[in-house]
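Each value in this text was obtained by applying a stated rule to the coordinates, not by laboratory testing. Keep in mind that what you see is a predicted model, and the values were worked out from it rather than measured. Cβ placement follows ideal geometry from the backbone for every residue including glycine, while neighbour counts extend to all protein chains displayed.
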Amino acid sequence: MITDRPAIMVGGKEYVRVCKSIEVSTRSPLHIEFEIEHDVAFFRMENVVYAISNVCPHKRASVLSTGFVDGAVVTCPLHGRRYNVVTGENLTQGRGVSTYPVLELDGYVWINIHGASTPVITP
């Protein structure tokens with residue numbers, strides 16, 4: 001739950017603490033559910049942590065954190081839809097996934113859970 005986590009204000013926006021920075025590695029995405037409406041996958045790319053919705057919009061399955069990662073692209077393990085971890089863009093077709101603002105401060109990962117982007121639709 002979000003209210004159970006330490007929070008900080010940065011630039012007038014609230015960020016909640018997710019985990020220690022070392023818990024998000026390039027080899028192993030991290031999956032955390034914040035309350036019921038925020039199911040998030042964290043990825044580390046070139047020493048930067050990114051957060052996207054863990055839910056593949058194709059079938060509304062919570063699986064992207066278990067997908068195949070190649071560079072900045074994660075492939076849904078169910079149907080092969082490919083998403084850019086940085087932008088949330090669907091690289092195949094259809095709706096992309098939300099991205100979330102993330103900070104790394106003092107050895108921890110922080111997320112602005114209320115700052116999710118609106119997914120883009122790729123024709």
- [ ] Looking only at region 83-123, count how many residues are acidic (Asp, Glu) and either under 12 Å from the mean Cα position of the chain (by Cα) or within 24 Å of residue 70 (Cβ to Cβ) (or both).
- [x] 2
Open item on the list: Could you go through region 29-49 and let me know if any residue there is under 16 Å from residue 103 (Cβ atoms), touching a Lys or Arg at 6+ places or on another chain (Cβ under 6 Å) and of a type in the set (Lys, Arg).
Closed with: no
Open item on the list: List the strands (runs of 3 or more DSSP E) inside region 1-53, counting only whole elements, that have at least 2 residues being without any contact (Cβ under 8 Å) to a residue 40 or more places away in the chain.
Closed with: 7-10, 30-34, 38-45
Task: In region 21-47, the residues that are surrounded by 12 or more Cβ atoms within 10 Å (Cβ to Cβ) and basic (Lys, Arg) - done: 44
- [ ] Quickly run through region 70-96 and pick out the residues that are buried (at least 19 other Cβ atoms within 10 Å of the Cβ) and in contact (Cβ under 8 Å) with a residue 40 or more places away in the chain.
- [x] 74, 85
Task: Given (1) surrounded by fewer than 18 Cβ atoms within 10 Å (Cβ to Cβ); (2) part of a loop (DSSP other than H, G, I, E, B), index of the condition residue 116 fails - done: (1)
Task: Matching residues, region 58-96, being in a helix (DSSP H, G or I) and either touching a helix residue (DSSP H, G or I) at 6+ places or on another chain (Cβ under 6 Å) or of a type in the set (S, T, N, Q) (or both) - done: 65, 66
